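Visitor: Take this structure first; my questions come after.
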Amino acid sequence: MSTVPTTGPASLAPEPAHAADAPAASPRASGTRSRRGGSGGLFVAPFMIFFGLFLLVPLVYGLWMSFTDASLTGHGDSSFAGLGNYAEALTDSEVWKSLGNTAVFTVLSSVPLVVLALAMALLVHANLPGQWLWRFAFFAPYVLPVAVVWQVWSMMFQPDLGLVNNFLGALGLDSVGWLVDEKWAMYAVVLVTVWWTAGFNFLLYLAALQAVPDHLYEAAALDGAGAWRRLWSITLPQLRRTTGLIAVLQVLASLKVFDQIYLLTRGGPNGSTRPILEYIYDTGFTGYRLGYASAISYVFFAILVILSLAQFKIFSRKEA
């Protein structure tokens with residue numbers, strides 16, 4: 001530590017600041033910081049406890065179980081299997097068929113859920129009469145429980161008495177076995193999903209539209225730009241980030257589809273609508289093969305991680 005002279009003219013000059021000369025934190029200040037740190041720890045402790053108990057522990061336990069022959073009955077079939085479950089999963093035709101169904105559902109549902117939600121938001125944002133009715137009609141289905149959605153659409157898809165086939169009959173078209181015909185079952189599930197969940201994306205788009213500065217439209221109007229020109233040159237570019245967010249969320253949500261398909265078709269007919277999560281459920285809780293079901297889960301988890309990283313890379317490149 002430098003010595004500070006106490007006499008003579010040089011003593012009047014300010015001493016340069018030096019890290020080593022910085023006064024040490026007083027015990028009182030250190031104690032205050034320590035107490036603050038302790039308070040923060042107490043605030044996050046409940047979350048960390050639940051995070052560890054309900055996410056980390058099952059995650060690690062499921063990974064360990066995927067290397068064993070664990071059974072739901074728990075009668076001595078928990079021997080270590082190594083990579084046997086993973087090798088079986090990669091050669092299981094039902095795994096690939098279920099993954100294919102999941103991919104088809106994701107493609108068929110994600111595109112209309114983005115485009116239709118954007119169209120609904122543009123319609124509401126155009127200040128047409130009856131704004132409250134449009135907002136209510138578009139968002140109301142999203143708050144319904146899946147059991148209610150299943151009950152309503154099961155009645156509407158009835159072959160003889162359902163509203164959908166009656167409507168087709170009024171148009172002179174033949175009745176369709178929406179939930180029992182392999183050609184139409186997936187389309188029926190996609191239709192229900194789009195009707196049920198488009199309201200969430202509609203809300204995100206509507207919030208983004210309200211954030212677009214008005215002076216952009218005013219300047220475009222002064223330049224003589226029409227409605228379509230303003231849509232392509234102002235609205236859609238301003239919604240690029242929202243569209244990217246909705247696309248990522250929608251793809252991940254569609255890949256995890258389970259409940260509405262399980263209630264509507266139970267994966268049928270002939271497994272034509274069974275997604276990968278339902279196959280995992282059937283393997284673990286109907287076939288009692290928890291170890292094998294865990295291995296399929298981790299294969300699917302790896303696919304989700306790869307797709308998420310690819311989407312993040314694509315949209316990050318566009319933003320750059």
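Visitor: If packing is taken as the average number of other Cβ atoms within 10 Å across a peptide's residues, how do 292-301, 279-288 rank, most packed first? List each step's numbers first, then the result.
Guide: Working: 292-301: 22.5, 279-288: 17.8.
Packing proxy ranking, top to bottom: 292-301, 279-288.
Visitor: Would you mind calculating the gained length between residue 94 and residue 228 on full extension (0.36 nm times residue separation, minus the Cα-Cα distance), in nm to one decimal?
Guide: This chain segment gains 43.5 nm when fully extended.
Visitor: While we're on this one: Run the numbers for residue 170 and residue 78: contour at 0.36 nm per residue of separation, minus the present Cα-Cα distance, in nm.
Guide: Working: separation 92, 0.36 × 92 = 33.12 nm, distance 5.91 nm.
Contour length minus Cα-Cα distance gives 27.2 nm.
Visitor: Between residue 313 and residue 215, what FRET efficiency comes out of the Förster formula 1/(1 + (r/R0)^6) with R0 = 30 Å and r the beta carbon distance, rounded to 0.05?
Guide: Efficiency computed from Cβ-Cβ geometry: 0.30.
Visitor: Given contacts defined as C-alpha pairs under 8 Å and at least six residues apart, what's the relative contact order of the chain, whole-number percent?
Guide: In percent, rounded to a whole number, it is 26.
Visitor: Evaluate the charge dipole of the stretch 228-306 about its Cα centre and quote only its size in Debye, nearest 20, assuming +1 on the Cβ of each Lys and Arg and -1 on the Cβ of each Asp and Glu.
Guide: 480
Visitor: To the nearest 500 deg cm²/dmol, what mean residue ellipticity at 222 nm is calculated for the chain from DSSP H runs of n ≥ 4 alone, each contributing -39,500 (n - 2.57), summed and divided by the residues?
Guide: Computed mean residue ellipticity for the chain: -20500 deg cm²/dmol.
Visitor: Hey, which lysines would be in cross-link range of residue 313, C-alpha to C-alpha under 26 Å, not counting anything within fewer than 8 residues on its own chain?
Guide: Counting by Cα, and skipping residues close in sequence, residue 313 has these lysines nearby: 256.
Visitor: Okay, next question. Using the Cα centre as the reference, give the magnitude of the dipole from point charges on the C-beta atoms of the chain (Lys, Arg: +1; Asp, Glu: -1; all else neutral), rounded to the nearest 20 debye. Numbers along the way, then the final one.
Guide: Values: 18 positive and 18 negative charges, 180 e Å.
Charge dipole, the chain, about its Cα centre: 860 debye, nearest 20.
Visitor: Evaluate E = 1/(1 + (r/R0)^6) for residue 304 and residue 49, where r is the Cβ-Cβ distance and R0 equals 22 Å; express this FRET efficiency to the nearest 0.05.
Guide: Step by step, r from the Cβ atoms, then E = 0.25.
Visitor: Oh, and also: Full-extension gain between residue 126 and residue 151, please, as 0.36 nm times their residue separation minus the C-alpha to C-alpha distance.
Guide: Contour length minus Cα-Cα distance gives 5.6 nm.
Visitor: I'd like to check one number: the per residue accessible area of the chain, probe 1.4 Å, reported in Å² as a whole number.
Guide: Details: 19990 Å² over 320 residues.
Accessible area per residue, the chain: 62 Å².
Visitor: Only one of the listed values, (1) 30; (2) 56; (3) 46, was derived from the coordinates as percent of Cα pairs over 31 Å apart; which label is it?
Guide: Given (1) 30; (2) 56; (3) 46, the calculated one carries the label (2).
Visitor: I would also like to ask the following. Are there DSSP H segments in the chain that both extend 30 Å or more along their axis (alpha-carbon positions) and score a mean Kyte-Doolittle hydropathy of at least -0.5? List them, or say none.
Guide: 27-51, 93-125, 182-210, 290-319
The values are calculated or read from the model by the stated rules, or taken from the named source; none is laboratory data. Predicted model, so just to flag it, every value in this text is computed and none were measured. Quick reminder, even Gly has a Cβ in these numbers, built from the backbone with ideal geometry, and neighbours come from all protein chains shown. Remember, those area values only see protein heavy atoms, side chains included, never the ligands or the DNA or RNA. Shrake-Rupley method; radii C 1.70, N 1.55, O 1.52, S 1.80 Å.
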